[in-house]
Structure formats: structure tokens, C-alpha cells
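What follows is one structure encoded as C-alpha cells, with my remarks underneath.
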Amino acid sequence: MADVTRDTLVSTLEEIALLLELKGENPFKTRAYRKGAEIVQNFDGDIVALAADGELKGIKGIGDALQQKLHELASTGALQYYENLKGEFPPTLFELFEVQGLGPKKIKALYDKLGISSVAELKEACQGKEISNLAGFGAKTVEKILSAIENREKFADRFRLGEVAPLAETLLERLRDHPKVSRSAIAGSYRRSKETLHDLDFLVATTKPAELTQFFTEFPEVHEVIVHGETKASIRLENGLQCDLRAVSNAHFPFALQYFTGSKEHNVELRSLALKKGLSLNEYDFTGEGDIPEVKEEADIYRALGLDWVVPELRENRGEIEAAQKGELPALVELSHLRGTFHNHTIASDGQNTLEEMAGAAKDHGLQYLGIADHSKSSFQANGLDENRLIGQIATIRKLNESFDDFALIPGSEVDILKDGSLDFDNDLLAQLDYCVASVHNVFNLPEDEMTARLIRAMENEHVTMLGHLTGRLLLRRDPYAVNIEKIIDCAAETRTVIELNCNPWRLDMDWRWWHRARDKGVLTSINPDAHATEQLQFLAYGARIARKGWLRREDVVNTRPLAEIQEWLALPKSKR
Ligand code: DGT
Ligand code: CA
Ligand code: CA
Ligand code: ZN
């Protein structure tokens, strides 16, 4: 039985409403399901357990029919009524629900009027003329739909780093533990800590390559074996992720590791450096006329070319080779340097844990402080706090802090940046907080100059310590909103506003490509998990990887500072930070 969560209940009810609408059922019936979804979503209590136990009686807005369906779904993991309803439509129709910007009304019109029931048909229709006769499908809308379809195609075979990391480490460990394996690694974009990945590139050193490719293709997670050779294998896992394995000799391992780590662009530069020294470099070894350097590990390859060893995160041909030649590679920040973190939610807004639980988890992570930043009142969908609740929370935190030794919760807020760049709370209240993260949570579709001006106005506020998730992107899901990042960086430098590195694996925002420039202008960052539950403090590990990828050093990251120092720093006026 699949795990039934509140989300399962909500999305099933919503889909039923949609399907009934497509069938042209009575609008009252449709509305009952939609209303039911909303009630389940906002119910204050363990609705899944209640539904499983058949104890939903008396919840306003959930009638007998809905109660029965929720009970069946929660107790068995499936709902016959829903399955039957789905069976009345072509299965490809459900793809349309995943296209951004296509709501139920539009889907119904496309289906009823043009018989469109798949993304492929929709794409074709958008490229043709007939669709423009349909009400609500003007040129702008059609253009948006086409770009959403293109996005979907572009993202179809990519995965977020955070989605694959736990699995990647499990598989690597299994290879490492094989008795015939002497060295092992995951190369490719995973080793370079890219924010999204196409596939995983495993590498083992072994004297029995065929045994290893056999072992690999028999992993229980395998959905499909794509290639199975003596030294090479490719598998696709049940979640769609492709994994390659190359089995090489111990002597070839450093070369293979270097080659398959990439990036391609970095490797092109390296090979041309080698050629200048009369050496040819490939995935097996150095060859050439003169002396061949001895290579035992990857760093020996770099040394032979007159370079310091370049950490994998920097291998993107963005200045790392020149820096390695001059011995000027930065000493990068490490996860173990972090002493605390900001921007975390609790049950007061849309988090899942209490202040006490979040504090306990932070201590378990070895942190000295945890910044609390629940949503502000305009984020009503996230149960944002109003003035009174926030004042209450500040008092609770200060009281709670008396019970801690060598640890503190830091009272703050994730305050909404309103459409005109003003903030959701006035300055008197903001002044009572120890810090504040300012973020955009609505009106994403402003023109670039307006959005930029909106953020700049927020940064100019003395009480805004840091800017939250700068572009609002959700990786492989929602594009960043239009904003001039260069101007934001300049303004951050000038106003001494920190730009957060939001390390929720859906965001990883600001993008790593901008950090080198930002730090050179003196901008500071804070690596923030945006944790909505205790276990999400683990996102800090992705944050450290992305910070390294952005050339950031310990001193560029404010939350590497110990508690006493960070409190002093927060107490300074912005201009002195
Ligand atoms: P992705 O798309 O997330 O899997 O990114 P990568 O970098 O892992 O790319 P992948 O898996 O195709 O190849 C792994 C590395 O192997 C790549 O970063 C560089 C190296 N490589 C693969 N194919 C070529 C090639 O045709 N030429 C060169 N120079 N290097 C290659
Ligand atoms: Ca790869
Ligand atoms: Ca690959
Ligand atoms: Zn936020």
C-alpha cells in the first residue's frame, strides 16, 4: 500500500473535482469535492489517521459521501470511485495537469472543443491556427503554454541534487563494500555538485570488471538494463534515473576519475595544457615522447600540468585553471564551518515542528544558534503570523533561550516584500526582532525593472538583514522571476544586505554562478535551509556544496561565525556590517 498523506487526500479530491467538471457534472457536486480538498488541507489535526479510522463525522463541509471516500482512500491506499472515473478518460489527459498555466477551465475547453487529450496534441494545436478560435487562448496565452511545454521537455530527464544524493550514496557504499573493489567514486555532475543532474557516473577500480558490471546490473533498484558490457554498464532505476558504471584498473582509476568528473569544458582546457607539455591526456593515462609523469592519484595529474589540485566543484572552466596555475585557488567554506543558520519555520506558520523541536535538532547538528523566520501575515496560505502572534513568539523565544546553555534561538521573521517593495510589518515591529529575511511570495510576474526596484526598496530598509530566495525559482518546476541580479548584487554590497543562499534542494537560490562576483564585491551570504521540519536542517550539506561551487570562503558566509560574534554583528547598524 502506498503511503497515504494529507497531500494524497487533497490531490485526489481535487482531481475528482476536475474529472467531474470535464464530464460536465453538476457544479454543486464538483464544488463539494473542491471544498472538501480545502477543508482537508487546512484541518487542524491528524486528518489521515481520523480518515483511516472512519472518524470524520461532524467535520463541517465533509458530508457522508466524502467521508466514505476519504476512509476508503486512507485505509486501503486506493479509491475505486476515483480509479473508475479516471478510466473514463484517455490516460494521456493527465499530462495536461502538469503543464504550468493550464487550469481546469482551460483543460476542459481544450478537451471539449478540440478533443485535445495529450501534451503532444496540445503542442501541435498551439503551433497551428485553430486554437486561436477558442475563448481564453489569445496569442499571449498560447505562447506561455508553448514555453511551458518546452520547459517540461527540457526538464524531463533531469533530477535535483537533493533528490538523488541519498540514493547515490547508498549505491556507492554498496560498490565500495564489494570485496573486489579497491577504489570507488561517483564522478560527473554529481561530484561537481551541480544543482540538477542528468545521470550518475559510478567508477570502480577492480581486477574483476565483469564481476562488477554483473553485480551492478543486478541491483534491486534496477528497472531496466540499458548496457551490459565487460567493463561498462548502464542501468535505469525505478525512479527513472540513469546510472553508468565504469570498471577500470587501479592504475587507470585516477585518469578515469579526472576525465569522467568533467566538466567537458574544464577537460578541454586541461588537455590543451598537457599538449603544450608534449603530453596527451585521456581517460586511461598520459602518453608522449618524453618522460611520462607518475600518477597514483588524481592530484598527480594536476601537479604534472603545473596546477594545484582543483576541487571538483570548481571544474567548470570559470577561472579555476588560471587560479590553479598561480596557486591562487580559494580555501573554500566547508559544512563543518557552519555554527548556526537563519531562515527556519515552525508550526506557528507552515512548519511541522515546534520551537523546542527545531532547537533540539539544531543542537543535534552541532549548531550554536538557529534563526527562526516564520511567515508574515500576507502569506496567509502559509498561515503567516500577524503582529500579535509575532510579538508573542518573540517573547516565547526569549524565555526559551533562558533554558539553553551555549545555544540560542534567534527571533526573526520571513517578512513578505509587498508588490511595491514595502514590507509586511512596520519598522517598529521589525526593530524588535534580532534579524529579518525579506522574501517575495506573490506577484511574480512584474517586469524586470519593477521587480528589481521592488527588491532594492526592501534592501534599503535598515531592518532587512537578508534577502530570501532571490529569484523564487523552483528547480525543474518554476522558472526564476525576472530580476536584474547584477543590480541586486550591487545594492546588496552598498546597503550591506546579506543575500541568502537558500539550500532547500528545490531552490539553491541565488544560483551558484553569481556568487563569485558577489563575494568580490564584498557581499556576504548566509547558508539557510528554509527548514519546514527538523530533518530539513540536513539541507545545509547541499548549501555548503553550492557555496563551494560559487567560490565562497569561510569569511564570505556569516553563519560560520560563532554565537557571540553573530550576536555582536546583528547588533551593529547595517552600515557597519
Ligand atoms: P550530466 O548531464 O548531469 O550527467 O553531466 P555530466 O557532466 O555528468 O555529463 P556526462 O554524464 O555526460 O559525462 C560525465 C563526464 O564525462 C563529463 O562531465 C565529461 C566527460 N565526458 C563525457 N563525454 C565526453 C565527451 O564526449 N568529451 C569529453 N571531453 N568529455 C566527456
Ligand atoms: Ca552524469
Ligand atoms: Ca553519464
Ligand atoms: Zn519563503
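The values are calculated or read from the model by the stated rules, or taken from the named source; none is laboratory data. Keep in mind the model is a prediction, meaning the values are calculated, not measured. Counting neighbours? That spans all protein chains shown, and the Cβs are built from the backbone with ideal geometry, glycine included. Just the protein is used for accessible areas: all its heavy atoms, side chains included, with ligands, DNA and RNA removed. Shrake-Rupley method; radii C 1.70, N 1.55, O 1.52, S 1.80 Å.
Just to verify a result, which residue in segment 232-250, among those that are modelled with pLDDT of 95 or more and open to solvent by 70 Å² or more (accessible area, probe 1.4 Å), is nearest to ligand 1 (Cβ to nearest atom)?
The extreme case among them is Lys232.
Which ones in segment 251-267 are within 14 Å of ligand 1 (Cβ to nearest atom), within 23 Å of His178 (Cα to Cα) and open to solvent by less than 40 Å² (accessible area, probe 1.4 Å)?
First, pick out the residues of segment 251-267 that are within 14 Å of ligand 1 (Cβ to nearest atom): 255-267.
With the extra rule that they be within 23 Å of His178 (Cα to Cα), the set shrinks to 255-258, 260-261.
Of everything in segment 251-267, those that are within 14 Å of ligand 1 (Cβ to nearest atom), within 23 Å of His178 (Cα to Cα) and open to solvent by less than 40 Å² (accessible area, probe 1.4 Å) turn out to be Phe255, Ala256, Leu257, Gln258, Thr261.
Any idea which residue in segment 445-463 is least open to solvent (accessible area, probe 1.4 Å), counting only those that are assigned to a loop (DSSP other than H, G, I, E, B) and of a type outside the set (S, T, N, Q)?
Applying the first criterion (assigned to a loop (DSSP other than H, G, I, E, B)) to segment 445-463 yields 445-447, 460-463.
So of that shortlist, the ones also of a type outside the set (S, T, N, Q) come out as 446-447, 460, 462-463.
Working: Leu446: 18, Pro447: 65, Glu460: 121, Glu462: 93, His463: 53 Å².
That would be Leu446.
Restricted to segment 165-208, and to residues that are more than 18 Å from Asn239 (Cα to Cα) and among the aliphatic types (A, V, I, L, M), which residue is nearest to ligand 4 (Cβ to nearest atom)?
Ile186
Kindly evaluate Leu56 against the criterion of being in contact with a Leu (Cβ under 6 Å, 6 or more places away or on another chain) and outside any helix (DSSP H, G or I). Spell out how you get there, then give the answer.
Working: in contact with a Leu (Cβ under 6 Å, 6 or more places away or on another chain): yes; outside any helix (DSSP H, G or I): yes.
Yes, satisfied.
So which pairs qualify, if the first residue must be in segment 210-234 and in contact (Cβ under 8 Å) with a residue 40 or more places away in the chain, the second must be loosely packed, with under 15 Cβ neighbours inside 10 Å, the Cβ gap must be under 6 Å, and the two must be at least 6 apart or on different chains?
Close Cβ pairs (under 6 Å, with a partner that is loosely packed, with under 15 Cβ neighbours inside 10 Å) amount to Glu221/Glu238.
What helices (runs of 4 or more DSSP H), lying completely within segment 133-249, carry at least 2 residues that are within 27 Å of Arg473 (Cα to Cα)? Before you say what the answer is, go through the steps one by one.
Values: elements: 139-155, 161-176, 188-191, 209-217.
Ranges flagged: 139-155, 161-176, 188-191.
Scan segment 4-52 residue by residue and report those that are in a loop (DSSP other than H, G, I, E, B) and either within 19 Å of Tyr81 (Cα to Cα) or in contact with a Cys (Cβ under 9 Å, 6 or more places away or on another chain) (or both).
Start the filter on segment 4-52 by keeping residues that are in a loop (DSSP other than H, G, I, E, B), which leaves 4-5, 24-26, 43-46.
Residues satisfying the conditions are Val4, Thr5, Gly24, Glu25, Asn26.
Taking the conditions exactly as written (exposed (fewer than 14 other Cβ atoms within 10 Å of the Cβ) and modelled with pLDDT of 90 or more), does Glu72 satisfy them or not?
No.
Please work out if Gln381 is free of Cβ contacts under 8 Å to residues at least 40 places away in the same chain and closer than 30 Å to Arg271 by Cβ. Talk me through it step by step, then tell me what you get.
Working: free of Cβ contacts under 8 Å to residues at least 40 places away in the same chain: yes; closer than 30 Å to Arg271 by Cβ: no.
It is false that Gln381 is free of Cβ contacts under 8 Å to residues at least 40 places away in the same chain and closer than 30 Å to Arg271 by Cβ.
Would you confirm whether or not segment 371-380 contains a residue that is modelled with pLDDT under 95 and open to solvent by less than 10 Å² (accessible area, probe 1.4 Å)?
Taking every residue of segment 371-380 in turn, at least one turns out to be modelled with pLDDT under 95 and open to solvent by less than 10 Å² (accessible area, probe 1.4 Å).
Could you look through segment 187-221, keep only residues that are open to solvent by less than 30 Å² (accessible area, probe 1.4 Å) and of a type in the set (Val, Ile, Thr), and pick out the one that is farthest from Glu298 (Cα to Cα)?
In this case the residue turns out to be Thr217.
Tell me which residues, restricted to segment 171-206, are closer than 30 Å to Arg507 by Cβ, more than 13 Å from ligand 2 (Cβ to nearest atom) and touching a residue at least 60 places away in the same chain (Cβ under 8 Å).
Scanning segment 171-206 gives Leu171, Glu195.
Take the residues of segment 283-322 that are of a type in the set (Asp, Glu) and in a helix (DSSP H, G or I): which is surrounded by the fewest Cβ atoms within 10 Å (Cβ to Cβ)? Let's see the steps before the verdict.
Let us first name the residues in segment 283-322 that are of a type in the set (Asp, Glu), namely 283, 285, 289, 291, 294, 297-298, 300, 308, 313, 316, 320, 322.
With the extra rule that they be in a helix (DSSP H, G or I), the set shrinks to 298, 300, 313, 320, 322.
Numbers: Glu298: 19, Asp300: 17, Glu313: 21, Glu320: 22, Glu322: 13.
Filtering first and then ranking leaves Glu322.
Determine, yes or no, whether Gln325 is surrounded by 20 or more Cβ atoms within 10 Å (Cβ to Cβ), among the polar types (S, T, N, Q) and either outside any loop (DSSP other than H, G, I, E, B) or without any contact (Cβ under 8 Å) to a residue 24 or more places away in the chain (or both).
Taking the combined requirement at face value, the residue does not satisfy it.
Would you confirm whether any residue within segment 350-360 is of a type in the set (A, V, I, L, M, F, W, C) and assigned to a loop (DSSP other than H, G, I, E, B)? Working first, answer last.
Taking segment 350-360 and keeping what is of a type in the set (A, V, I, L, M, F, W, C), we get 355, 358-359.
This time we only want the ones that are assigned to a loop (DSSP other than H, G, I, E, B), so: none.
Checked segment 350-360: no residue is of a type in the set (A, V, I, L, M, F, W, C) and assigned to a loop (DSSP other than H, G, I, E, B).
Scan (1) closer than 30 Å to Asn502 by Cβ; (2) of a type outside the set (Phe, Trp, Tyr); (3) assigned by TED's automatic domain parsing to the domain that holds Gly306 for the single condition Arg271 breaks and write down its number.
Failing condition for Arg271: (1).
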